[in-house]
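> Take this structure, written in structure tokens, and hold onto it; I'll ask about it next.
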Amino acid sequence: MAAIIADNLVRRFDAFTAVDGISFTVQPGEIFGFLGPNGSGKTVTIKMLCGILPLSGGTAHVDGIDVGQDPDAVRARIGYMSQKFALYDDLTVRENLRFYGMVYDLYGRRLERRMDDIIARINIETYLGRQAGKLSGGWKQRLALGCALLHEPTVLFLDEPTAGIDPVARRQLWDLLFELSGHGITFFVTTHYMDEAERCSHLAYIYYGRIIADGTPAELRRLPGITPERTYRLEITAGEVTAALRQARQIPAVRSATIFGRSIHALVDDACPQDQLTQMLTHSGVKIEEVRTLLPSLEDVFVELSERRQKELEAA
Amino acid sequence: MNPMLGFRAMVYKEVLHALRDRFALIFAFMMPLFQMVILGFAVDTNVRQVPTAIFDQSGLTSGDGTAGSSASREFIDRLRNADTFHVYKFVHSDAEMNEEMVAGRARVAVKFPPEFARDLLRGETAQVLVLVDGSDSSVAGQAVTVTGQIGLDESLRRLLGEQAARPIEVRPKIMFNPASRSPNFFLPGMVAILLIFVTTMLTAFSVVREKERGTLEQLLVTPVRPLALMLGKITPYFALGVAEVCALLLFMNFVFEVPIHGNPLLLTLLSSCYLFVNLTIGVLISTKANSQAEAMQLAMMIMLPSIFLSGYIFPRDNMPWIFFGLSYLVPATYMVNISRGVILRGAGPAELWLDALVLFVLGVVVLLLAVRRFKSMIV
């Protein structure tokens with residue numbers, strides 16, 4: 001049974017349609033990345049799936065429960081963590097955990113057991129007596145995640161969980177997510193970071209109320225039309241990269257070229273195969289260190305898809 | 001699903017918040033007591049020792065050149081003997097008299113015209129002009145009454161002779177507050193107003209704070225029921241309110257020596273209905289307000305009508321009918337009646353059950369409104 005099934009979800013606010021008939025399926029244990037520009041309907045979708053915003057149309061099942069029929073049962077089954085880490089700053093780490101446990105109707109020995117389990121899992125033993133407001137951003141985030149996990153939810157919604165967190169803490173959070181997803185917890189994550197999108201096992205891209213891409217990161221990169229027809233992408237690492245860029249741009253078969261760190265990303269006509277191109281560059285004095293074919297980045301994919309959809313919208 | 005799911009969690013958390021911020025808690029608790037001290041000592045509605053200027057021209061006609069006449073002096077002595085007036089100055093012209101009044105140094109000025117003594121001697125009606133500063137209505141009212149009284153008394157004495165018995169004597173007896181002490185009248189009513197601070201304001205702030213921090217959004221995604229959330233929020237403040245009632249009553253009784261004629265336990269019990277309404281109003285405000293500043297303004301909008309319409313300061317019987325009607329919607333109206341009833345009149349449940357019932361019903365209605373608004377806020 002799938003963890004989340006959205007079937008033709010619609011949400012209207014008066015005349016404005018925020019979510020316009022989206023469908024997707026998330027399997028148990030997946031880390032599902034839900035991406036899209038601000039205002040494209042991500043938060044509205046989360047609110048509908050969490051059972052706090054009624055659907056205007058379509059159906060949604062979370063952990064097998066129909067959200068429209070029984071939103072209360074859904075709320076008891078899921079965890080939710082927003083970018084604001086809804087912790088009580090003046091309560092200690094332990095008190096925050098206990099409060100959220102009680103909110104989910106956990107009491108007595110069962111509550112203590114769950115708390116011990118979570119404390120060990122998020123590794124927060126050292127700070128138990130500290131007020132949440134005095135924790136660093138990374139620890140707040142771990143605590144918020146711990147609070148959302150106390151009642152053993154099967155599905156966890158994370159709305160931009162890493163906004164404003166330093167890279168080390170981000171990395172640690174993702175490690176934790178992988179570990180938890182290994183235990184069968186399903187994650188529904190929104191993010192603006194492309195490196196995080198790469199780590200998701202399943203992605204969907206929403207653009208102004210419509211899902212315009214759905215698949216694994218690898219599938220999305222191979223979508224037709226992201227790389228223009230009869231062209232391919234190359235990553236060329238060279239000694240003097242600016243000089244190399246100048247030379248590469250003079251070759252007619254190179255449609256575009258940009259610098260990424262110490263290498264050049266180039267879009268090349270199929271008419272000019274890789275060997276021929278390296279020869280031409282070597283002839284013009286470029287010291288090539290490495291050449292490899294490149295898939296488009298997820299950023300390329302989303303930018304391309306957004307522009308295409310925008311053109312469709314403008315044409316309509 | 002259990003409609004009170006999460007209630008215990010909310011109470012647990014609110015108590016922790018309150019204990020963490022002990023200073024704010026103590027401050028909230030002490031503020032009404034301070035206010036009671038200030039008002040209890042400062043407010044005295046009994047008008048006494050009103051500064052009075054005298055302009056006596058009546059001596060001019062007697063020809064001896066000195067100011068005043070024996071007749072006017074008798075009248076002035078009676079003014080002096082009345083506790084209401086304090087004769088602080090004799091003036092010598094209309095201009096000077098006017099200036100004393102305009103400058104506010106004199107609240108009352110009494111002028112004996114040149115003909116005063118002559119008219120009296122001739123057996124004609126002699127006139128005394130009494131100027132009263134109308135900027136304070138209770139002073140003005142008292143001055144007019146007392147000078148009128150003195151005039152009437154003097155007239156009777158002159159007509160009937162010194163020793164003659166008056167045909168009718170009126171003997172007023174002020175019940176419940178025989179000494180006419182202001183604290184006795186003011187403090188019981190004030191309890192109703194002061195309690196708004198620790199109830200309506202504190203609850204309104206506490207929910208709005210969660211809105212501002214984003215924790216409310218988190219609570220909405222949990223299975224906590226709106227009713228449980230609200231009752232959990234108000235329960236600790238209810239306890240605080242009951243403690244405040246006890247503290248105010250003790251203070252009133254021991255510091256200001258206002259005797260409690262009825263049963264203090266009954267009063268505490270009946271006030272709990274009032275506390276309940278105020279707490280629910282606080283929650284209702286918090287469903288509307290998005291910031292603490294906004295909540296503060298809304299709470300003020302509730303408080304001012306409570307002060308003016310409840311009968312705490314201005315008697316309700318004198319209000320135009322529309323305000324009189326509105327005053328029935330103000331919870332403080334019932335509390336002022338309960339408080340004065342038990343403390344001053346020694347009233348019991350038989351007299352006050354209706355007030356308590358109305359408060360309880362108001363509380364339930366406001367709570368249901370708040371729950372409804374809260375549910376629509378989620379969506």
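FYI, it's all coordinate maths here, none of it is from the lab. None of these values were measured; they are calculated from a predicted model. Positions of Cβ are backbone-derived with ideal geometry, glycine not excepted, and every protein chain shown enters the neighbour counts.
> First obtain the Kirkwood hydrodynamic radius of region A:69-148 from its Cα pairs, then insert it into the Stokes-Einstein equation at 4 °C and 1.567 mPa s, and state the resulting D in µm² per second as a whole number.
Calculated translational D: 100 µm²/s.
> Would you please state the base-10 log of I(q)/I(0) at q = 0.07, 0.09, 0.11 1/Å for the protein assembly as shown, with intensities from the Debye formula using one equal scatterer on every alpha carbon?
After summing over all Cα pairs, the log10 values are -0.70, -0.92, -1.15.
> Would any residue of region A:84-116 have its amide N under 17 Å from a label point 7 Å out along Cα→Cβ of A:K134? List them or say none.
Counting only backbone N, you get A:88-97.
> Next up: Taking the Cα centre of region B:50-175 as the origin, how large is its charge dipole in debye, to the nearest 20, when only Lys and Arg (+1) and Asp and Glu (-1) carry charge on their Cβ atoms?
Here region B:50-175 has a charge dipole of around 400 debye.
> Counting helices only, and only those DSSP H runs with n ≥ 4, report the 222 nm mean residue ellipticity of chain B as the sum of -39,500 (n - 2.57) divided by its residues, in deg cm²/dmol to the nearest 500.
Calculated from helices alone, the mean residue ellipticity at 222 nm is -21000 deg cm²/dmol.
> Report the charge-dipole magnitude of region B:97-231 in Debye, nearest 20, computed about the Cα centre from +1 at each Lys and Arg Cβ and -1 at each Asp and Glu Cβ.
Here region B:97-231 has a charge dipole of around 460 debye.
> Additional query: What number in nm² do you get for chain A if you take the convex hull of its Cα atoms and divide its surface by four?
Averaged projected area of chain A's Cα convex hull equals 20.0 nm².
> Let me ask another. Would you kindly state how much longer the chain becomes between A:K311 and A:Q276 on full extension, computed as 0.36 nm times their sequence separation minus their alpha carbon distance, in nm to one decimal?
Full extension of this stretch gives 9.0 nm more.
> First measure r as the distance between the Cβ atoms of B:S155 and B:N253, then evaluate 1/(1 + (r/R0)^6) with R0 = 45 Å and state the FRET efficiency to the nearest 0.05.
FRET efficiency, B:S155 to B:N253: 0.45.
> Would you kindly compute the Cα radius of gyration of chain B and its largest Cα-Cα separation (Dmax), both in Å?
Considering chain B through its Cα atoms, Rg and Dmax are 28.8, 100 Å.
> To test your reading of the geometry: what angle, between 0 and 90 degrees and rounded to tens, separates the Cα axis of helix A:108-122 from the longest principal axis of chain A?
The answer is roughly 20 degrees.
> Same structure again: By how many degrees, 0 to 90 and rounded to 10, does the Cα axis of helix A:274-283 deviate from the longest principal axis of chain A?
That helix lies at roughly 60 degrees to the long axis.
> Antiparallel as a % of all DSSP beta bridges within chain B, to the nearest 5?
Restricted to chain B, the bridges split so that about 25 percent are antiparallel.
> Let me ask you something else. For region B:149-278, what is the largest minus smallest coordinate of the Cα atoms on each principal axis, given in angstrom and ordered from greatest to least?
The Cα atoms of region B:149-278 stretch 90, 28, 23 Å along the principal axes, largest first.
> Could I ask something else about it? On a 0 to 90° scale, report how tilted helix A:137-149 is relative to the longest principal axis of chain A, with both axes built from alpha carbons and the result rounded to the nearest 10.
The helix A:137-149 is inclined about 60 degrees to chain A.
> Report the residue, chosen from B:R181, B:R78, B:R316, that carries the largest GNM mean-square fluctuation when chain B is represented by alpha-carbon nodes joined by springs under 10 Å.
B:R78
> How many nm is it between the label spots at B:Y328 and A:D7, if each spot is 7 Å from the Cα in line with the beta carbon?
Using points 7 Å along Cα→Cβ, the separation is 5.6 nm.
> With only alpha-carbon atoms counted, please give the Rg and Dmax of region B:181-378, in Å.
Calculated on Cα positions, Rg and Dmax stand at 17.3, 56 Å.
> So, in Å, what gap is there between the alpha-carbon centers of region B:189-223 and region A:84-156?
24 Å
> For B:N318 and B:F29, calculate 0.36 nm times their separation in residues minus their Cα-Cα distance, and state this gained length in nm to one decimal.
Between B:N318 and B:F29, full extension yields 100.6 nm more.
> Give me the distance in nm between label points sitting 7 Å out from Cα along the Cα-to-Cβ direction at B:R122 and A:F178, one decimal.
11.9 nm
> Sticking with this structure for a sec: Give, in nm to one decimal, the length gained when the segment between A:F260 and A:R109 is fully stretched (0.36 nm per residue of separation minus the Cα-Cα distance).
The span from A:F260 to A:R109 would gain 48.8 nm if fully extended.
> Roughly how big is chain A's charge dipole about its Cα centre, with Cβ charges of +1 (Lys, Arg) and -1 (Asp, Glu), in debye to the nearest 20?
That gives a dipole near 500 debye.
> Please report, in cubic angstrom per residue, the volume enclosed by the convex hull of the alpha-carbon atoms of region B:50-175.
In region B:50-175, the Cα hull volume divided by residue count equals 118 Å³.
> Helices from chain B with mean Kyte-Doolittle at least 1.6 and a Cα length along the axis of 24 Å or more, per DSSP H: which?
Long hydrophobic helices here: B:22-42, B:349-378.
> Right, something else. Could you give the distance between the Cα centres of region A:167-230 and region A:1-56, to the whole Å?
What the calculation gives is 16 Å, centre to centre.
> Ok, one more. In nanometres, what is the gap between the two model label sites at B:R181 and B:E351, each 7 Å from Cα along Cα-to-Cβ?
That separation, rounded to one decimal, is 1.9 nm.
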